[in-house]
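Colleague: Before I ask anything, here is the structure I am working with.
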Amino acid sequence: TDAKKSNIPAPQSALATARIISDISTVQYPEGVSSPRPDLNKDAKEGKFRYDRDFLLQFMLICKEKPASLPPLDAIGLEPIDPSSLSM
Amino acid sequence: QEVDMQGQADAIRTVFSDPTNFNVKHPLYSPWTLWFDSPATKGRNMPQTPISAFPQTPMPQTPGVNAAAQGWMEDIKRVISFDSVEEFWGLYNNIIPPSALPQKANYYLFKEGIIPAWEDDANKNGGKWSIQLPKDKNRAHVDRMWLYTMLAAIGETFDPTHTSTESTTAQSLITGVIVSTRPQFYRLSIWTRYAPSGDEDAALKDRIESVGRHFKMSVLGYQDNARLAGPLATEVEFLSHKDSEKKGKAAKKIIV
(Lines give C-alpha, C1' and ligand atoms only; values in the text may rest on other atoms or scores of the structure.)
Protein backbone atom coordinates (compact mmCIF):
# COMPACT_ATOMS: atom_id res chain seq x y z
CA THR A 1 0.00 0.00 0.00
CA ASP A 2 1.01 3.62 -0.41
CA ALA A 3 1.19 4.26 3.31
CA LYS A 4 3.54 1.35 3.78
CA LYS A 5 5.62 2.39 0.80
CA SER A 6 6.30 5.87 2.14
CA ASN A 7 7.61 4.47 5.42
CA ILE A 8 10.37 2.53 3.75
CA PRO A 9 13.42 4.69 3.09
CA ALA A 10 13.87 4.28 -0.65
CA PRO A 11 15.04 0.68 -0.89
CA GLN A 12 14.36 0.82 -4.62
CA SER A 13 17.16 3.28 -5.08
CA ALA A 14 19.56 0.89 -3.35
CA LEU A 15 18.56 -1.85 -5.79
CA ALA A 16 18.76 0.55 -8.73
CA THR A 17 22.16 1.94 -7.81
CA ALA A 18 23.83 -1.16 -6.37
CA ARG A 19 26.68 -2.45 -8.49
CA ILE A 20 27.04 -5.98 -9.66
CA ILE A 21 29.43 -8.05 -7.59
CA SER A 22 32.36 -8.84 -9.86
CA ASP A 23 34.29 -11.28 -7.67
CA ILE A 24 32.04 -13.34 -5.42
CA SER A 25 34.98 -14.82 -3.50
CA THR A 26 35.91 -11.44 -2.02
CA VAL A 27 32.50 -10.71 -0.50
CA GLN A 28 32.40 -10.89 3.29
CA TYR A 29 29.03 -11.83 4.75
CA PRO A 30 27.92 -10.98 8.28
CA GLU A 31 28.22 -13.68 10.90
CA GLY A 32 25.49 -16.25 10.50
CA VAL A 33 25.15 -15.71 6.73
CA SER A 34 26.76 -18.39 4.55
CA SER A 35 28.70 -17.65 1.38
CA PRO A 36 27.68 -19.43 -1.83
CA ARG A 37 29.21 -22.89 -2.08
CA PRO A 38 32.73 -22.18 -3.41
CA ASP A 39 32.86 -25.21 -5.71
CA LEU A 40 30.04 -23.70 -7.80
CA ASN A 41 32.19 -20.71 -8.75
CA LYS A 42 35.68 -22.16 -9.04
CA ASP A 43 36.19 -20.97 -12.61
CA ALA A 44 33.59 -18.24 -12.56
CA LYS A 45 33.89 -15.42 -15.03
CA GLU A 46 33.15 -11.92 -13.86
CA GLY A 47 29.50 -11.54 -12.93
CA LYS A 48 28.62 -15.13 -13.98
CA PHE A 49 27.95 -16.90 -10.72
CA ARG A 50 26.07 -20.01 -9.65
CA TYR A 51 24.34 -20.17 -6.28
CA ASP A 52 23.19 -23.07 -4.13
CA ARG A 53 19.67 -23.12 -2.72
CA ASP A 54 20.68 -22.60 0.92
CA PHE A 55 22.57 -19.46 -0.04
CA LEU A 56 19.63 -18.11 -2.07
CA LEU A 57 17.06 -18.85 0.64
CA GLN A 58 18.85 -16.48 3.00
CA PHE A 59 17.53 -13.52 0.97
CA MET A 60 13.88 -14.54 1.24
CA LEU A 61 12.93 -12.60 4.34
CA ILE A 62 15.10 -9.57 3.52
CA CYS A 63 14.30 -8.72 -0.11
CA LYS A 64 10.59 -7.96 0.07
CA GLU A 65 10.25 -4.67 -1.74
CA LYS A 66 8.05 -4.80 -4.81
CA PRO A 67 10.17 -4.34 -7.96
CA ALA A 68 9.65 -0.94 -9.57
CA SER A 69 9.11 -2.60 -12.95
CA LEU A 70 6.37 -4.98 -11.78
CA PRO A 71 3.25 -4.05 -13.75
CA PRO A 72 -0.14 -3.74 -12.04
CA LEU A 73 -0.92 -7.42 -11.62
CA ASP A 74 -4.65 -7.16 -12.28
CA ALA A 75 -3.82 -5.60 -15.65
CA ILE A 76 -2.22 -8.86 -16.74
CA GLY A 77 -4.92 -11.02 -15.22
CA LEU A 78 -2.94 -12.00 -12.13
CA GLU A 79 -4.49 -11.71 -8.70
CA PRO A 80 -2.75 -9.20 -6.44
CA ILE A 81 -0.91 -10.78 -3.58
CA ASP A 82 -2.53 -11.85 -0.36
CA PRO A 83 0.29 -11.48 2.19
CA SER A 84 -0.98 -14.44 4.22
CA SER A 85 -0.39 -16.72 1.24
CA LEU A 86 3.36 -16.24 1.48
CA SER A 87 4.00 -18.76 4.22
CA MET A 88 5.74 -21.81 2.87
CA GLN B 1 27.24 14.36 12.03
CA GLU B 2 30.27 13.72 9.89
CA VAL B 3 30.22 10.61 7.78
CA ASP B 4 33.19 9.23 5.95
CA MET B 5 31.52 9.28 2.54
CA GLN B 6 34.50 7.98 0.65
CA GLY B 7 35.04 5.13 3.05
CA GLN B 8 31.36 4.22 2.82
CA ALA B 9 31.39 4.31 -0.95
CA ASP B 10 34.34 1.95 -1.13
CA ALA B 11 33.09 -0.63 1.34
CA ILE B 12 31.03 -3.49 -0.03
CA ARG B 13 27.62 -3.57 1.64
CA THR B 14 25.39 -6.50 0.76
CA VAL B 15 21.71 -6.59 1.55
CA PHE B 16 22.62 -8.67 4.59
CA SER B 17 24.72 -5.95 6.19
CA ASP B 18 22.39 -3.10 5.16
CA PRO B 19 18.94 -4.04 3.81
CA THR B 20 18.08 -0.48 2.76
CA ASN B 21 21.43 0.99 1.70
CA PHE B 22 23.28 -1.96 0.22
CA ASN B 23 25.61 -1.02 -2.61
CA VAL B 24 26.25 -4.37 -4.29
CA LYS B 25 23.85 -6.97 -5.64
CA HIS B 26 24.31 -10.60 -6.63
CA PRO B 27 24.15 -11.03 -10.41
CA LEU B 28 22.46 -14.13 -11.81
CA TYR B 29 24.28 -16.30 -14.32
CA SER B 30 21.63 -15.32 -16.85
CA PRO B 31 18.83 -12.74 -16.83
CA TRP B 32 15.36 -14.32 -16.57
CA THR B 33 11.82 -13.38 -17.62
CA LEU B 34 8.63 -14.46 -15.85
CA TRP B 35 5.55 -15.02 -18.02
CA PHE B 36 2.02 -15.84 -16.94
CA ASP B 37 -1.19 -17.01 -18.50
CA SER B 38 -4.60 -18.11 -17.29
CA PRO B 39 -8.11 -18.30 -18.79
CA ALA B 40 -8.45 -14.63 -17.83
CA THR B 41 -5.53 -13.59 -20.06
CA LYS B 42 -6.67 -15.53 -23.12
CA GLY B 43 -8.50 -14.26 -26.14
CA ARG B 44 -8.83 -10.68 -25.05
CA ASN B 45 -6.61 -7.70 -24.65
CA MET B 46 -5.97 -6.50 -21.17
CA PRO B 47 -7.64 -3.25 -20.14
CA GLN B 48 -5.56 -0.30 -21.19
CA THR B 49 -6.72 2.40 -18.82
CA PRO B 50 -4.09 4.91 -17.72
CA ILE B 51 -3.74 3.12 -14.38
CA SER B 52 -3.47 -0.40 -15.70
CA ALA B 53 -1.82 0.37 -19.03
CA PHE B 54 0.71 -2.29 -19.73
CA PRO B 55 2.71 -2.84 -22.87
CA GLN B 56 1.52 -5.68 -25.04
CA THR B 57 3.67 -8.75 -25.03
CA PRO B 58 6.32 -8.07 -27.62
CA MET B 59 6.41 -10.36 -30.63
CA PRO B 60 9.14 -12.94 -30.39
CA GLN B 61 12.24 -11.84 -32.22
CA THR B 62 13.37 -15.35 -32.92
CA PRO B 63 13.28 -15.99 -36.65
CA GLY B 64 11.42 -19.13 -37.59
CA VAL B 65 8.82 -18.81 -34.87
CA ASN B 66 5.66 -19.68 -36.73
CA ALA B 67 2.29 -18.04 -36.78
CA ALA B 68 0.73 -20.56 -34.41
CA ALA B 69 3.33 -19.78 -31.80
CA GLN B 70 2.80 -16.07 -32.32
CA GLY B 71 -0.92 -16.43 -31.84
CA TRP B 72 -0.37 -18.38 -28.68
CA MET B 73 2.12 -15.83 -27.42
CA GLU B 74 -0.56 -13.13 -27.60
CA ASP B 75 -2.35 -14.89 -24.76
CA ILE B 76 0.63 -15.09 -22.51
CA LYS B 77 1.70 -12.09 -20.50
CA ARG B 78 5.22 -11.05 -19.77
CA VAL B 79 5.38 -10.14 -16.09
CA ILE B 80 8.95 -8.94 -15.49
CA SER B 81 12.62 -9.53 -16.26
CA PHE B 82 15.33 -9.55 -13.62
CA ASP B 83 19.03 -10.29 -13.36
CA SER B 84 19.92 -10.33 -9.67
CA VAL B 85 19.16 -12.48 -6.64
CA GLU B 86 17.79 -9.45 -4.81
CA GLU B 87 15.32 -8.67 -7.64
CA PHE B 88 14.19 -12.30 -7.82
CA TRP B 89 13.11 -12.24 -4.18
CA GLY B 90 11.42 -8.85 -4.54
CA LEU B 91 9.34 -10.44 -7.29
CA TYR B 92 8.75 -13.71 -5.44
CA ASN B 93 7.52 -11.88 -2.35
CA ASN B 94 5.02 -9.84 -4.37
CA ILE B 95 3.24 -12.38 -6.54
CA ILE B 96 0.92 -15.20 -5.60
CA PRO B 97 2.33 -18.72 -5.31
CA PRO B 98 1.09 -21.61 -7.47
CA SER B 99 -1.31 -22.86 -4.78
CA ALA B 100 -3.19 -19.54 -5.04
CA LEU B 101 -3.35 -19.46 -8.86
CA PRO B 102 -6.66 -20.07 -10.62
CA GLN B 103 -7.18 -23.33 -12.52
CA LYS B 104 -5.52 -23.67 -15.92
CA ALA B 105 -2.88 -21.07 -15.15
CA ASN B 106 0.85 -21.24 -15.79
CA TYR B 107 3.96 -19.44 -14.64
CA TYR B 108 6.82 -19.68 -17.12
CA LEU B 109 10.28 -18.63 -15.96
CA PHE B 110 12.60 -18.56 -18.98
CA LYS B 111 15.97 -17.13 -19.76
CA GLU B 112 15.63 -13.67 -21.22
CA GLY B 113 15.31 -13.81 -24.99
CA ILE B 114 13.81 -17.32 -25.05
CA ILE B 115 10.05 -17.46 -25.41
CA PRO B 116 8.26 -20.30 -23.61
CA ALA B 117 7.30 -22.08 -26.84
CA TRP B 118 8.63 -25.16 -28.62
CA GLU B 119 9.19 -23.05 -31.69
CA ASP B 120 11.88 -20.88 -30.15
CA ASP B 121 15.30 -21.70 -31.57
CA ALA B 122 16.58 -22.46 -28.08
CA ASN B 123 13.78 -24.98 -27.46
CA LYS B 124 13.03 -26.58 -30.82
CA ASN B 125 15.68 -29.31 -30.47
CA GLY B 126 15.02 -29.80 -26.78
CA GLY B 127 12.61 -31.47 -24.44
CA LYS B 128 11.33 -31.37 -20.93
CA TRP B 129 11.50 -33.11 -17.61
CA SER B 130 8.13 -33.02 -15.94
CA ILE B 131 6.10 -34.44 -13.11
CA GLN B 132 2.38 -34.35 -12.58
CA LEU B 133 1.18 -34.19 -8.96
CA PRO B 134 -2.39 -34.75 -7.74
CA LYS B 135 -3.71 -31.49 -6.38
CA ASP B 136 -5.25 -32.52 -3.09
CA LYS B 137 -2.17 -34.41 -1.91
CA ASN B 138 0.24 -31.70 -2.99
CA ARG B 139 -1.47 -28.38 -2.31
CA ALA B 140 0.77 -27.97 0.74
CA HIS B 141 3.97 -28.85 -1.15
CA VAL B 142 3.63 -27.28 -4.57
CA ASP B 143 4.76 -23.80 -3.53
CA ARG B 144 7.97 -25.14 -2.02
CA MET B 145 8.56 -27.41 -5.03
CA TRP B 146 8.10 -24.51 -7.44
CA LEU B 147 10.33 -22.23 -5.38
CA TYR B 148 13.09 -24.86 -5.27
CA THR B 149 12.67 -25.44 -9.01
CA MET B 150 13.12 -21.72 -9.67
CA LEU B 151 16.11 -21.51 -7.32
CA ALA B 152 17.88 -24.40 -9.05
CA ALA B 153 17.17 -22.69 -12.39
CA ILE B 154 18.36 -19.18 -11.53
CA GLY B 155 21.25 -20.54 -9.41
CA GLU B 156 22.26 -22.76 -12.38
CA THR B 157 22.58 -25.91 -10.31
CA PHE B 158 20.44 -28.22 -12.46
CA ASP B 159 23.25 -28.85 -14.94
CA PRO B 160 26.53 -28.80 -13.03
CA THR B 161 28.67 -29.86 -15.99
CA HIS B 162 27.94 -26.83 -18.11
CA THR B 163 30.66 -24.58 -16.77
CA SER B 164 33.22 -27.25 -15.99
CA THR B 165 34.63 -27.40 -19.51
CA GLU B 166 34.71 -25.08 -22.45
CA SER B 167 33.13 -25.64 -25.86
CA THR B 168 30.06 -27.81 -26.27
CA THR B 169 29.00 -28.08 -22.64
CA ALA B 170 29.66 -24.43 -21.86
CA GLN B 171 26.05 -23.55 -22.55
CA SER B 172 23.55 -24.53 -19.89
CA LEU B 173 21.00 -27.16 -20.89
CA ILE B 174 18.20 -25.36 -19.10
CA THR B 175 16.07 -22.85 -21.00
CA GLY B 176 13.18 -22.45 -18.57
CA VAL B 177 10.88 -23.91 -15.93
CA ILE B 178 7.08 -24.01 -15.76
CA VAL B 179 4.40 -24.62 -13.15
CA SER B 180 0.89 -25.41 -14.36
CA THR B 181 -2.33 -25.63 -12.38
CA ARG B 182 -5.12 -27.85 -13.64
CA PRO B 183 -8.44 -28.80 -12.04
CA GLN B 184 -7.03 -31.97 -10.49
CA PHE B 185 -3.27 -31.70 -10.63
CA TYR B 186 -0.18 -29.53 -10.75
CA ARG B 187 2.60 -30.01 -13.27
CA LEU B 188 6.21 -28.87 -12.91
CA SER B 189 8.46 -28.87 -15.97
CA ILE B 190 12.08 -28.11 -16.78
CA TRP B 191 12.82 -27.35 -20.42
CA THR B 192 16.16 -28.28 -21.93
CA ARG B 193 17.97 -26.94 -24.96
CA TYR B 194 18.75 -30.39 -26.35
CA ALA B 195 17.22 -33.85 -26.19
CA PRO B 196 19.04 -37.12 -26.87
CA SER B 197 17.88 -38.45 -30.22
CA GLY B 198 19.16 -41.99 -29.86
CA ASP B 199 21.73 -44.25 -28.31
CA GLU B 200 24.55 -42.42 -30.08
CA ASP B 201 23.86 -39.47 -27.78
CA ALA B 202 25.13 -41.24 -24.66
CA ALA B 203 26.93 -38.22 -23.21
CA LEU B 204 23.93 -35.97 -23.70
CA LYS B 205 21.63 -38.64 -22.29
CA ASP B 206 23.79 -38.85 -19.15
CA ARG B 207 23.70 -35.13 -18.79
CA ILE B 208 19.92 -34.98 -19.27
CA GLU B 209 19.48 -37.78 -16.73
CA SER B 210 21.58 -35.98 -14.16
CA VAL B 211 19.25 -32.98 -14.52
CA GLY B 212 16.29 -35.31 -13.92
CA ARG B 213 17.84 -36.90 -10.85
CA HIS B 214 18.69 -33.52 -9.39
CA PHE B 215 15.09 -32.45 -10.01
CA LYS B 216 13.63 -35.57 -8.43
CA MET B 217 15.84 -35.79 -5.36
CA SER B 218 17.24 -32.37 -4.48
CA VAL B 219 14.41 -30.19 -5.74
CA LEU B 220 11.27 -32.30 -5.25
CA GLY B 221 12.67 -34.24 -2.28
CA TYR B 222 11.94 -37.81 -3.44
CA GLN B 223 14.17 -40.82 -2.93
CA ASP B 224 16.18 -42.01 -5.91
CA ASN B 225 14.24 -45.26 -6.20
CA ALA B 226 10.80 -43.85 -5.32
CA ARG B 227 8.04 -44.76 -7.79
CA LEU B 228 5.61 -41.90 -8.12
CA ALA B 229 3.09 -42.79 -10.83
CA GLY B 230 -0.50 -43.30 -9.73
CA PRO B 231 -3.93 -41.80 -10.20
CA LEU B 232 -3.31 -38.30 -11.64
CA ALA B 233 0.40 -38.70 -10.89
CA THR B 234 3.36 -39.41 -13.15
CA GLU B 235 6.97 -40.34 -12.65
CA VAL B 236 9.65 -37.72 -13.18
CA GLU B 237 9.89 -38.20 -16.92
CA PHE B 238 11.63 -36.70 -19.90
CA LEU B 239 10.19 -36.32 -23.36
CA SER B 240 11.62 -34.46 -26.33
CA HIS B 241 9.37 -31.78 -27.79
CA LYS B 242 9.47 -33.60 -31.12
CA ASP B 243 8.11 -36.77 -29.49
CA SER B 244 5.49 -34.74 -27.62
CA GLU B 245 4.13 -33.60 -30.97
CA LYS B 246 3.59 -37.16 -32.18
CA LYS B 247 0.51 -37.77 -30.12
CA GLY B 248 -0.58 -41.38 -29.99
CA LYS B 249 2.71 -42.85 -31.14
CA ALA B 250 4.91 -44.54 -28.60
CA ALA B 251 7.13 -41.80 -27.28
CA LYS B 252 10.58 -42.54 -25.95
CA LYS B 253 10.35 -41.38 -22.38
CA ILE B 254 13.26 -41.33 -19.98
CA ILE B 255 12.27 -41.98 -16.37
CA VAL B 256 14.41 -41.42 -13.29
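Colleague: What do you reckon, is A:P80 facing another protein chain (nearest Cβ under 7 Å), at pLDDT 85 or above, surrounded by fewer than 16 Cβ atoms within 10 Å (Cβ to Cβ) and over 16 Å from the mean Cα position of the chain (by Cα)?
Modeller: For A:P80, the condition - facing another protein chain (nearest Cβ under 7 Å), at pLDDT 85 or above, surrounded by fewer than 16 Cβ atoms within 10 Å (Cβ to Cβ) and over 16 Å from the mean Cα position of the chain (by Cα) - is not met.
For (1) among the β-branched types (V, I, T); (2) surrounded by 15 or more Cβ atoms within 10 Å (Cβ to Cβ); (3) closer than 19 Å to B:V142 by Cβ; (4) in contact with a Gly (Cβ under 9 Å, 6 or more places away or on another chain), each residue gets a yes or a no:
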position: B:D199; (1), (2), (3), (4): no, no, no, no
position: B:A202; (1), (2), (3), (4): no, no, no, no
position: B:D206; (1), (2), (3), (4): no, no, no, no
position: B:E209; (1), (2), (3), (4): no, yes, no, no
position: B:K216; (1), (2), (3), (4): no, yes, yes, no
position: B:V219; (1), (2), (3), (4): yes, yes, yes, no
position: B:N225; (1), (2), (3), (4): no, no, no, no
position: B:L228; (1), (2), (3), (4): no, yes, yes, no
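Colleague: Now for a different question. Could you say whether any residue in the range B:131-139 is away from chain A (no Cβ under 13 Å), surrounded by 20 or more Cβ atoms within 10 Å (Cβ to Cβ), among the polar types (S, T, N, Q) and in a strand (DSSP E or B)?
Modeller: yes
Colleague: Something else: Which residue, of A:M60, A:M88, is of a type outside the set (D, E), closer than 30 Å to B:A140 by Cβ, touching a helix residue (DSSP H, G or I) at 6+ places or on another chain (Cβ under 7 Å) and at pLDDT 90 or above?
Modeller: Working: A:M88 fails: at pLDDT 90 or above.
Residue meeting the stated conditions: A:M60.
Colleague: Then there is this: Does B:D143 satisfy the condition of being among the charged types (D, E, K, R), part of a helix (DSSP H, G or I), modelled with pLDDT of 95 or more and surrounded by fewer than 22 Cβ atoms within 10 Å (Cβ to Cβ)? Walk me through how you get there before you give the answer.
Modeller: Values: among the charged types (D, E, K, R): yes; part of a helix (DSSP H, G or I): yes; modelled with pLDDT of 95 or more: yes; surrounded by fewer than 22 Cβ atoms within 10 Å (Cβ to Cβ): yes.
Against the criterion (among the charged types (D, E, K, R), part of a helix (DSSP H, G or I), modelled with pLDDT of 95 or more and surrounded by fewer than 22 Cβ atoms within 10 Å (Cβ to Cβ)), B:D143 qualifies.
One line per residue, one yes/no per condition, for (1) over 25 Å from A:L73 (Cβ atoms); (2) of a type in the set (V, I, T); (3) more than 14 Å from chain A (Cβ to nearest Cβ):
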{"position": "B:P102", "(1), (2), (3)": "no, no, no"}
{"position": "B:K124", "(1), (2), (3)": "yes, no, yes"}
{"position": "B:D143", "(1), (2), (3)": "no, no, no"}
{"position": "B:A152", "(1), (2), (3)": "yes, no, no"}
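Colleague: Note down all Cβ pairs under 7 Å where the first residue falls in the range B:13-29 and is more than 7 Å from chain A (Cβ to nearest Cβ) and surrounded by fewer than 18 Cβ atoms within 10 Å (Cβ to Cβ), the second is assigned to a loop (DSSP other than H, G, I, E, B) and hydrophobic (A, V, I, L, M, F, W, C), and they're at least six residues apart or on different chains.
Modeller: That search, which allows pairs on different chains as well, returns B:R13/B:F22.
Colleague: Take A:S34 and decide whether it is at pLDDT 90 or above, among the polar types (S, T, N, Q) and under 18 Å from B:N23 (Cβ atoms). Steps first, answer last, please.
Modeller: On the way: at pLDDT 90 or above: yes; among the polar types (S, T, N, Q): yes; under 18 Å from B:N23 (Cβ atoms): no.
No: the conditions fail for A:S34.
Colleague: Which condition number in (1) under 25 Å from A:G77 (Cα atoms); (2) crowded, with 16+ Cβ neighbours inside 10 Å is the one that B:R193 fails?
Modeller: (1) is the only condition that B:R193 fails.
Colleague: A follow-up question, please. Here is a list of conditions, (1) in a strand (DSSP E or B); (2) under 26 Å from B:E86 (Cβ atoms); (3) of a type in the set (V, I, T), and B:I114 meets all of them except one; can you say which number that is?
Modeller: With (1) in a strand (DSSP E or B); (2) under 26 Å from B:E86 (Cβ atoms); (3) of a type in the set (V, I, T) applied to B:I114, the lone miss is (1).
Colleague: Report, by residue number, each residue of the range A:10-31 that is in a loop (DSSP other than H, G, I, E, B) and either among the β-branched types (V, I, T) or facing chain B (nearest Cβ under 9 Å) (or both). Step through it out loud before you land on a result.
Modeller: Pass one, the range A:10-31, residues in a loop (DSSP other than H, G, I, E, B): A:10, A:18, A:21-23, A:27-31.
Listed by number, the residues that qualify are A:A10, A:A18, A:I21, A:S22, A:V27, A:Q28, A:Y29, A:P30.
Colleague: Here's a follow-up. Quick one: is B:H162 within 14 Å of chain A (Cβ to nearest Cβ) and at pLDDT below 95? Give the steps one after another, and end with the answer.
Modeller: Values: within 14 Å of chain A (Cβ to nearest Cβ): yes; at pLDDT below 95: yes.
Against the criterion (within 14 Å of chain A (Cβ to nearest Cβ) and at pLDDT below 95), B:H162 qualifies.
Colleague: A further question follows. Of the conditions (1) surrounded by fewer than 23 Cβ atoms within 10 Å (Cβ to Cβ); (2) at the interface with another protein chain (Cβ under 8 Å from one of its Cβ atoms), B:E87 fails just one. Which one is it?
Modeller: Tallying (1) surrounded by fewer than 23 Cβ atoms within 10 Å (Cβ to Cβ); (2) at the interface with another protein chain (Cβ under 8 Å from one of its Cβ atoms), B:E87 fails exactly one: (1).
Colleague: Working only within the range B:83-111, note down all residues that are touching a Phe, Trp or Tyr at 6+ places or on another chain (Cβ under 8 Å) and either part of a loop (DSSP other than H, G, I, E, B) or among the hydroxyl-bearing types (S, T, Y) (or both).
Modeller: B:P97, B:L101, B:Y107, B:Y108 - these are the residues of the range B:83-111 that are touching a Phe, Trp or Tyr at 6+ places or on another chain (Cβ under 8 Å) and either part of a loop (DSSP other than H, G, I, E, B) or among the hydroxyl-bearing types (S, T, Y) (or both).
The values are calculated or read from the model by the stated rules, or taken from the named source; none is laboratory data. Note that the structure is a prediction, hence the values are computed from the model and not measured. A quick note on method: Cβ atoms are made from the backbone with ideal geometry, for glycine too, and the neighbour counts reach across all protein chains shown.
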